[in-house]
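This report refers to the structure that appears directly beneath it.
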Amino acid sequence: MAQETAKQADRSVSAIAGTTRLLGVMGDPVAHSLSPVMHNRAIAALGVDCVYVPLPVAAANLAAAIAGLGAIGALGFNVTIPHKQAIAPLLADLTPEARAVGAVNTVWRDGDRWCGTNTDVAGFLAPLQALAPPGGDWAGATAIVLGSGGAARAAIAGCRQLGVGRIRVAGRNGDRLAALAAQFQPPNPLAVSLETGDWDALAGWASETALLVNATPVGMHPQVAAAPVAPDILAALPSGAIAYDLIYTPRPTRFLQAAAAAGLTAIDGTEMLVQQGAAALSLWLGQPAPADLMRSALLAALARSGR
Ligand code: NAP
């Protein structure tokens, strides 16, 4: 598998020509990103004349970098930490998803304008669409999202699009929780009423919960022994409930190990990462992206990294 991935990457590099269009991921730092591996594998398989590279850009240079990418005719780019929110006012237009989440992870060209969207919402939703909650119906279901950062906002927008009946958010910072709840009020295009609470609220909420989403970094490599909730919270979830950890290193996290031990359906963040990437590539190229190849490239890169 590693050999095959290297061959695909070589093909994509040797195919660079005077006509090759630029794609990339803009962040600081960005050297650790697995997006180039995923995207270049898909680009090689599709035979399109593009290359996807890391774009290290310091916050002070963000506006200049966007203008520069416009000047050289780049096709589009992903945006990661720390620019996901700061880039929004620098773009000509935003989709309802980007407005709802308050962050942009994908930028594409509309003529000479840069437009932003947030494909984390589609990525978050992808693995849930094949599943049913206990009771069989998302409208009658309650979800809890742990955390109040960017991934939590994408998860809330995703739950809203899925039609989840009640969305609860647990966070450790009351001011940030209040700001998040206020952000999801009208005129947010994906406005939704949220119930918020601190970590102590979880014990009372657990038995009503069909979907528990970890949108904090607790348990992420290298802090692999940590978990965002104690096993007794997971054990109190109803039969058939889903535990969804947005983290993809390690696989599985301590949270998902405890969820599996409690008999819950466990989903990690790999598919979200694959599907947000596939949605971005499909937007840039105007054709379906080979998500299966992107997944195998990602999994091979994760295996090589030992994370
Ligand atoms: P973020 O914006 O920094 O938000 C992190 C949130 O977690 C904040 O609400 C933070 O609380 C909370 N938090 C951090 N440490 C905590 C702790 N010890 N106890 C309780 N809460 C804690 O980060 P993000 O971009 O949302 O990312 C969150 C996670 O999602 C990361 O692990 C990231 O890798 C993952 N993610 C995965 C994907 C994917 O494609 N699979 C995409 C995006 C993100 P405070 O506000 O109080 O600091």
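The values are calculated or read from the model by the stated rules, or taken from the named source; none is laboratory data. In this text, all values refer to a predicted model and were calculated from it rather than measured experimentally. Cβ placement follows ideal geometry from the backbone for every residue including glycine, while neighbour counts extend to all protein chains displayed.
When we screen 196, 253, 270 for residues that are more than 11 Å from the ligand (Cβ to nearest atom), out of contact with any Cys (no Cβ under 7 Å at 6 or more places or on another chain) and either closer than 28 Å to residue 166 by Cβ or without any contact (Cβ under 8 Å) to a residue 40 or more places away in the chain (or both), the only hit is 196. Considering the conditions (1) away from the ligand (no atom under 16 Å from the Cβ); (2) in a helix (DSSP H, G or I); (3) of a type in the set (A, V, I, L, M, F, W, C); (4) farther than 28 Å from residue 297 by Cα, residue 190 is excluded by exactly one of them, (2). Looking at 295, 307, just one residue is more than 11 Å from the ligand (Cβ to nearest atom), among the basic types (Lys, Arg) and not in a loop (DSSP other than H, G, I, E, B), and that residue is 295. For the stretch 19-56, enumerate the residues that are touching a residue at least 60 places away in the same chain (Cβ under 8 Å) and small (Gly, Ala, Ser). Scanning the stretch 19-56 gives 35, 42, 45. Within the stretch 116-173, the set of residues being away from the ligand (no atom under 16 Å from the Cβ), modelled with pLDDT under 95 and among the small types (Gly, Ala, Ser) comprises 130, 132, 135, 136.
For the stretch 265-285, the set of residues classified as under 16 Å from residue 78 (Cα atoms) and small (Gly, Ala, Ser) consists of 277, 278, 279, 280, 282, listed by residue number.
Checking the condition more than 10 Å from the ligand (Cβ to nearest atom) and either surrounded by fewer than 18 Cβ atoms within 10 Å (Cβ to Cβ) or not in a strand (DSSP E or B) (or both), which residue from 219, 204, 277 passes? Full working, then the answer.
Details: 219 fails: more than 10 Å from the ligand (Cβ to nearest atom); 277 fails: more than 10 Å from the ligand (Cβ to nearest atom).
The conditions single out 204.
For the stretch 103-130, the set of residues classified as out of contact with any Leu (no Cβ under 9 Å at 6 or more places or on another chain) and in a loop (DSSP other than H, G, I, E, B) consists of 103, 105, 111, 112, 130, listed by residue number. Scanning for something part of a helix (DSSP H, G or I) and within 15 Å of the ligand (Cβ to nearest atom), does the stretch 236-249 turn up at least one residue? Among the residues of the stretch 236-249, not one is part of a helix (DSSP H, G or I) and within 15 Å of the ligand (Cβ to nearest atom), which makes the answer no.
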